Every structure is written in structure tokens, then in C-alpha cells.
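Trainee: Below you'll find the structure I mean.
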Amino acid sequence: MTTTQRSAGSSAPAGLSPTNGDARLAGRSLLRLGPVSLVIRRRAVLGAAVLTVLLLLAVVLSLSLGTPYVAPADVLRALSGAGTPYDLVVFDLRLPRVVLAATAGAAFGIAGTLIQSVARNPLASPDVIGITQGAGLAATVALTSGMAAVLVAPTALVGGLLAAVLLFALGARHGLAAQRFVLAGVAVAFAFRALTEVVMLTADPIDGLRAQIWLIGTLAGKGWTEAAWIAGTLLVLLPVLAWAGWALNSTALDDDTARGVGLRPVARRIGLAGAGVLVAAMVTAQVGAVDFVALVAPQVARRLVRAERPPLVCAALLGALLLVLADLAGRRLLAPTQLPAGVLTAAIGGPYLIFLLLRGRRRSS
């Protein structure tokens, strides 16, 4: 969605209409609100609507499947407040985890979109540029040193933010250039990953196992508190995210072109990357290193709406859908044994990376 000023003397009524004249762009409509015009991608709106419906269906399915089984009709009645014998199962046992999966998945999708747009690289994500590894190292130290459980998430958040500071320090030369940003992130990721392995090898085996589960990423035993922290972060950053949805339109421009049209490309890249790594650090601190959601969601959303850049809203909805389904599969595939959500998202991400490699090879040939 982009914003343009209405031309002087225009008498067109307010409302939504196909763009025409100088504003004619295929697949878009122009929403006029007084002196301001909003260019809306019709395919993006349709994609967001479809993803919303699929997400709601996935939520109902996740609340329904399990032991005991709850019929979807009873789930809907419970959610409407009509009162059913399954209220305890729906509200206390399953809903907190499903809400956390949706909230965390949306946050991963947003973080991945911002980071990939700055890096101009479909392989850039929090788990590639070191944010996840920084949080993982801090959480591993906390879990293996006898630190109170309530301090693990704040410690992981600090670790993720310190990794971001190091990333910006290494990649800030030449205006946070895309290639340097990604290379600095990969270097940070490898360094923190190596340190994490050293800590785990020297730790008590039980503590090392707890850290390993955290590093895989799981939603088990978590719920409203973690979802509230993630949602609160997104709410605080809402003005920044609203700006980011507009600012992402200029990320494909080279610096000279951007300056030529009155933009400040370096400041924009820093702002977008800063918002992305903050969201990534917070969600990783709350649910662990759930890999590949931030990598896959933006690019699949971009292909879904056929846009030149990942759409922020669609990426958030797709991230939420992926993590809800991954958590459901983890709970039910080998029931009563539960698989961490991170195992299932890795199973999705591996084939996706192969797809990207094959697609790139076909294009180069």
C-alpha cells in the first residue's frame, strides 16, 4: 500500500476505484480520502483475506484435535461463550498455546520481511544473520548456570539485542549495504553458534538437554504470558510497523535513485533493520529458536500476491498459519509424544531451501 497526494482541482468523489490516468497501475485500486490517496494492491487484499480464513480454520482445527477430541461446532460454541462441557479443554489447555503460536508466527513473519527487504536477499532471516544465535547463546548460559527459569527469556532477549548491536557495528560501513549486512550476520551467527556448543559441552548433561530443547524451539508449557510479551512488543512498534509498510516500497531502489527522489536510504535501512531485529529478538526469547518461519513466510507471501517485495501483512498472516500448523502437527503426529514446533518448521524450511536453489539454477541456465 502506498500513499500519494491528490492532485489540485480533482473532483473525484472519495472512495475506492480503479486507478486511471497517471495513476494507472495494473492490479491496483485508488482509495481517495480527502486530500490523500491510497494505492491498494487488490491481489494483496485478496491474499490477506484468504490467509485470514485459513488461519481461523487452522486455529479451530488446533483447538479441536487432541485428547479429548472436541468437535469444531463445540469449539465455536465455547469461543462464543455459550458454555460447553469442553470449556476447560478449549480455554485453559489449548487456546493459550494456539494464541501463542499465531502471535509468534506473525512476529517471525514481520521480522523476516523487514530483514529480507533490507538485505535484498530471500535467504536473510533472524536465524541466518545471528539474532537467533545470540539469543540462543544467552539462553544456554542461563539454563546451564542454574539461573531462575523466569530469567531465561529476559536473558535471551538481551543476547539477541547484543547480537544485533554487533551485527550493526560490523555491517554499518558503507551505509549498511545489503551484501555487507548479510555477510556480517552470517559471521555473527557462526561465532555465537560455536560459543553455544562450547557452553553445552561443558555443562551438566541434564542442563545441556534443557538448553537443546530451547534451541530447537518449542511452545510446550507456554501460553498467555509469552503471547502477551510478543503482542505488547508489536503493539508498541505499531507506528513503526505502519511506517515500515510504506517505507518497504523504496528498499529496491539504489542509493542514488532514492536520494534523487528525496529519500534517506541509509536511515530507512537502519530503521527497518532495527525494527526487524527487535521483533526477532523478542519472539525468539519467548518461544526459542523456531527456525525457518521468518525465512519462508515473507517469500511465500511475496509469490502469493506476485509482488516485487514481501508484503508485511500477508507475511505476518502466513507466519502465523505456518506456526499454528507446525505446532498442531508436533502435538499429534507422534501422540502422545510431542515434537517441538522447531522440528516441524525445519522440515518445512529444508525443502524450501532446495526449491530456492533449484529455481535459481533454472533461472541462471
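Trainee: Short version: ³J(HN,Hα) in whole Hz for each residue of the range 126-135, in order, from phi by Karplus 6.51 cos²θ - 1.76 cosθ + 1.60 (θ = phi - 60°), x for Gly and Pro, what are they?
Mentor: Karplus values, whole Hz, x for Gly and Pro: x, 7, 9, 9, x, 5, 4, 5, x, 5.
Trainee: Which FRET efficiency, nearest 0.05, do Ala187 and Ile354 yield, Cβ-Cβ r, R0 22 Å?
Mentor: Numbers: r = 25 Å, r/R0 = 1.12.
E(calc), rounded to 0.05, equals 0.35.
Trainee: Under a crude label model (7 Å from the Cα following the beta-carbon direction), how far is Arg180 from Asp92 in nanometres?
Mentor: Between Arg180 and Asp92, the simple spin-label model gives 5.7 nm.
Trainee: Let me ask another. Give me the 1.4 Å probe accessible area per residue for the range 52-108, excluding ligands and nucleic acids, in Å².
Mentor: Value for the range 52-108: 46 Å² per residue.
Trainee: Still on this structure: Can you give me the long-range amide H partners of Asn121? Hydrogens built in the peptide plane at 1.01 Å from N, cutoff under 5 Å, separation of 5 or more residues or another chain.
Mentor: The list, which skips near neighbours in sequence, is empty: none.
Trainee: Moving on to the next point. Counting Lys +1, Arg +1, Asp -1, Glu -1, what net charge surrounds Gly349 among other residues with beta carbon under 10 Å of its beta carbon?
Mentor: Counting the neighbours of Gly349, the net charge comes to -2.
Trainee: Related question: Would you calculate the separation in nanometres between label points at Ala73 and Val53, each defined as 7 Å from the Cα along the Cα-to-beta-carbon direction?
Mentor: Distance between the two pseudo-spin positions: 2.2 nm.
Trainee: Pop out the carbon and sulfur fraction of the accessible area of the range 121-232 as a percent, whole number, probe 1.4 Å.
Mentor: Result for the range 121-232: 73 percent of the exposed heavy-atom area is carbon or sulfur.
Trainee: What ³J(HN,Hα) values, in whole Hz, does the Karplus curve 6.51 cos²θ - 1.76 cosθ + 1.60 give for the range 284-301 when θ = phi - 60°, with x put for Gly and Pro?
Mentor: With coefficients 6.51, -1.76 and 1.60, one gets 5, 4, 8, 10, x, 8, 7, 7, 6, 5, 5, 7, 7, 4, x, 6, 5, 5 Hz.
Trainee: Simple spin-label model, 7 Å along Cα-to-Cβ: Trp243 to Met147 in nm?
Mentor: Result: 3.1 nm between the two label points.
Trainee: Whole-Hz ³J(HN,Hα) for each residue in the range 339-350, computed from phi via Karplus 6.51 cos²θ - 1.76 cosθ + 1.60 with θ = phi - 60°, x for glycine and proline: what do you get?
Mentor: 8, x, 4, x, 5, 6, 5, 5, 5, 6, x, x
Trainee: Ordered by packing density, taken as the mean number of other Cβ atoms within 10 Å over each peptide's residues, highest first, how do 279-291, 124-136, 204-216, 295-307 rank?
Mentor: Working: 279-291: 28.2, 124-136: 30.2, 204-216: 16.2, 295-307: 21.7.
Peptide ranking by packing, descending: 124-136, 279-291, 295-307, 204-216.
Trainee: Still on this model: Classify the range 146-249 as rounded, prolate or oblate, taking a ≥ b ≥ c as the square roots of the eigenvalues of its Cα gyration tensor: rounded when a/c is under 1.5, otherwise prolate if a/b is larger than b/c and oblate if not.
Mentor: Values: a/c = 2.81, a/b = 1.27, b/c = 2.21.
Here the range 146-249 falls in the oblate category.
The values are calculated or read from the model by the stated rules, or taken from the named source; none is laboratory data. It should be emphasised that the depicted structure is a prediction, and the values quoted were computed from it without experimental measurement. So basically every Cβ, Gly included, is an ideal-geometry build from the backbone, and we count neighbours across all protein chains shown. All accessible areas refer to the heavy atoms of the entire protein, side chains included, with ligands and DNA or RNA removed. Shrake-Rupley method; radii C 1.70, N 1.55, O 1.52, S 1.80 Å.
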